[in-house]
1. Is it true that some residue in the stretch A:93-105 is of a type outside the set (G, A, S), within 14 Å of chain B (Cβ to nearest Cβ) and touching a residue at least 60 places away in the same chain (Cβ under 8 Å)?
2. Just checking: which of the helices (runs of 4 or more DSSP H) contained wholly in the stretch B:188-284 hold 3 or more residues that are touching a residue at least 12 places away in the same chain (Cβ under 8 Å)?
3. Would you tally the residues in the stretch B:95-105 being over 12 Å from B:C416 (Cβ atoms) and in a helix (DSSP H, G or I)?
4. Can you pull out the residues in the stretch B:162-179 that are farther than 11 Å from B:L191 by Cβ and more than 10 Å from every other protein chain (Cβ to nearest Cβ)?
5. Which of the residues spanning the stretch B:106-142 are over 23 Å from B:A283 (Cα atoms) and either touching a residue at least 40 places away in the same chain (Cβ under 8 Å) or part of a helix (DSSP H, G or I) (or both)?
6. Just wondering, is there one or more residues in the stretch B:125-135 that are aromatic (F, W, Y) and away from chain A (no Cβ under 12 Å)?
7. Here are some conditions: (1) at pLDDT below 90; (2) within 13 Å of chain B (Cβ to nearest Cβ). A:S4 meets all but one. Which one does it not meet?
8. For the subset of the stretch B:259-279 comprising residues that are within 7 Å of chain A (Cβ to nearest Cβ) and either under 28 Å from B:G17 (Cβ atoms) or within 12 Å of the chain's Cα centre (by Cα) (or both), which member is surrounded by the fewest Cβ atoms within 10 Å (Cβ to Cβ)?
Amino acid sequence: MADSGAQAQPKPSSSVKLVLLGEAAVGKSSLVMRFVNNDFQENKEPTIGAAFLTQKCNLPTRTIKFEIWDTAGQERFASLAPMYYRNAQAALVVYDITKPSSLTKAQHWVAELQRQASPGIVIALVGNKLDLASSNPNSGSSDGDDADAAPAAEGEEEGEEGEGDARRVPTKTAKAYADEEGLLFFETSAKTGLNVAEVFTAIANAIPETSLKGPRGVGGQTSLGRQEDARVNLVGGRTEGAKEGCAC
Amino acid sequence: MDTLDGTIWDVLIVGTGIQQSLLALALSRSGKKILHIDPNDYYGGAEAAFSLQEAEEWANKVDAGSSSAAYANISISKPEKAGSDASAPSLSFSRAYSLALSPQLIYARSSLIQYLVSSNVYRQLEFLAVGSWWVYSGEPDLASNVIAGEPSEGVGQSRHGRLLKVPNGREDVFQDQVLDFKAKRALMKFLRFIVEYEEQQEVWEEHRQQPFPTFLSEQFKVPVALHAPLLALTLSADSSNNTTTEFALPRIARHLRSVGVFGAGFGSVIPKFGGTSEITQAACRASAVGGGVYALGTGLSSLTNDEPSGAERNSETVGSGGVRVRLKDDETVSTQWVIGEESEPTTPKTTYCRSITIVSSPLTPLFPPIAEEAPDPACAVIAFPSGGLSLDEGIPDQPELPPVHIFVHSSDTGECPAGQSVLYVSTSLSGEKGFQLLGKAVETLLRTVDISPPPTVLWSAQYEQRYSAANSSLPPSSSEHVLKFPPSSVDLAFDDSILDQVKSVWQKIMGDDAGEFLVFKDREANVDAEE
């Protein structure tokens, strides 16, 4: 009896709220578009129009449904609402590997998350625009001049790394920082799709099972199940409902 | 990039209270360039919600006179733990709390709900059911045979009085075992009337100004003991003799008409995570999605009419009627419209005393299941009727004190950790007496609820809320392009007239291009097919 039952049993599925942070124009929305729609737009306008996307990520033992909250540009004056971070189980902090100042900004957001967000939040640091780096993404720049790459001024052209290599943030620098803060770390290209799915899979795997809340009726939740029972559904309400309270 | 100096906008909104935030939402698809600022470094204005630490910062700022005029006389207390007992219940970390300054119930029939749905903003919010309504009775013997169906319906039957559950509509009344036939009939007659009271003006027209209890007695022969639960449903802040029939009828009707709309047995909801504050944030977020720019900690210091002055103007500057605005940090922006709050209310000033108390108990007996297949309740309403509590016991002929209302929020609201609850208490009695009355109500409630271990107070804040603008009020201006909302409401239920005000401002700004108010298509390119 167990065999057929196990076959038909759908994998437990849970929702994970993921917030995106990072300096303007580092490719936050592009990463999400690549992940959700497997699509990339060159010269994308600054984000207007999307604040909330969902995408499923299938793991061997469970399905994670990401609810991805884009900042919608509210971070420009550091004026994100508390509801943005609240209950986020994961955060993607993005910088641009061709722009050292964007890593500084990313570090700033990591500190903000550590101060404001849920204590158990999984944070992934992502260096985007890997397609702009030279063909060997892992070599980074030569070891000699990388030590202070992150805080370096925006001034470009300081050390030409050869034809076509616009990388200004060595992998090593960012990786060392991520290790120190206990962050997941990836370099990606939203343009080519390189490593994008890997970021989300790694986050999904890093979310502790205990912090997952399942949608109604799935997953055999225990303590957290109650929260779902409390939610009021505002749509599809019974239109004739008012009779309950008054006229008969 | 991050400077506002010299920028040009269509609409500048000052303050992120509920009215301004809903306006920002209403304009979010208009294509207008919107700058939305708030002098505070938090969202929500008078409707804000705070962590413990933020609440303390807020209290300090108000003390120093640098924050909103809507609140005053704030004090925060953390009772000392008795002894050094490590197992004694204690506060959790600051961010485990989200405490609403001005919590409100939202009735299912409120147009706010309808607009949150039509604008799709509800997708970023969660709503929880308001469950049982209770009335405190200080006279256990008299009261027990009145409205509590059977002893088990009353929570806590100590000699200090008890809490009686307000029947949830006619079925409850009908099934009541204790009400005598005459009382039942009178109540049923009134409930039948109230659902169609608009059509029966002849019954109440000439009694509009009459105290509601008098109306109940004279027109419907409703026994005096049933007045308190009916008055509770009005959420009237005034004492019973100052609560008029014309005030009470629509509010009771609203309550009863809302029951059952979103599920059996409840009629109102609260947003999760800190009440109206959550709605303001979701609305601002939607506006940001539409391209609105948000800057907190940015106030406004002066307004000047931006008359066209010849050569220096180029085609990019605002047309005639625009306003030049100096912000607090000396940046100057230009805008066609400025929207903020009135600095002084047009109606007489009222002051409420409020308190927020974190309690070391889930107070489970206050949250019985609402009905089969109804969601778990996350809020209970307790009304101490006018005259139900007194401060100077033993002194005869005291004037009747106004009612006290307590909203008890469970940890399901996300406003406190599991195992605790938050009491939001308010009364229209102001000053020191008001605070004493709040304290008395909390003490009485905690003593009356029959639960072990007995609840203790972990943290408490008390403050006065005035019906006057938060600090987003605008300086006087003669310009027709400077529009002002009245100050935020102090009502315990969301006041739909706020939406009328927002709509009228929105219409002025939009002119003929207005379209339908707050009706938007879904913005998400990727809507999950399963939902």
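1. There is at least one residue in the stretch A:93-105 that is of a type outside the set (G, A, S), within 14 Å of chain B (Cβ to nearest Cβ) and touching a residue at least 60 places away in the same chain (Cβ under 8 Å).
2. Once the helices (runs of 4 or more DSSP H) in the stretch B:188-284 are filtered for at least 3 residues that are touching a residue at least 12 places away in the same chain (Cβ under 8 Å), what remains is B:212-220, B:227-234, B:245-258.
3. Here the count works out to 0.
4. B:R162, B:L163, B:L164, B:K165, B:V166, B:Q175, B:D176, B:Q177, B:V178, B:L179
5. B:G131, B:S132, B:W133, B:W134, B:V135, B:Y136, B:S137, B:G138, B:P140, B:D141, B:L142
6. yes
7. That leaves (2) as the condition not met.
8. Residue satisfying both the conditions and the ranking: B:F273.
The values are calculated or read from the model by the stated rules, or taken from the named source; none is laboratory data. From a predicted model like this one, the values you see are computed outputs, not experimental measurements. Here the Cβ is made from the backbone with ideal geometry for all residues, glycine too, and neighbour counts use every protein chain on show.
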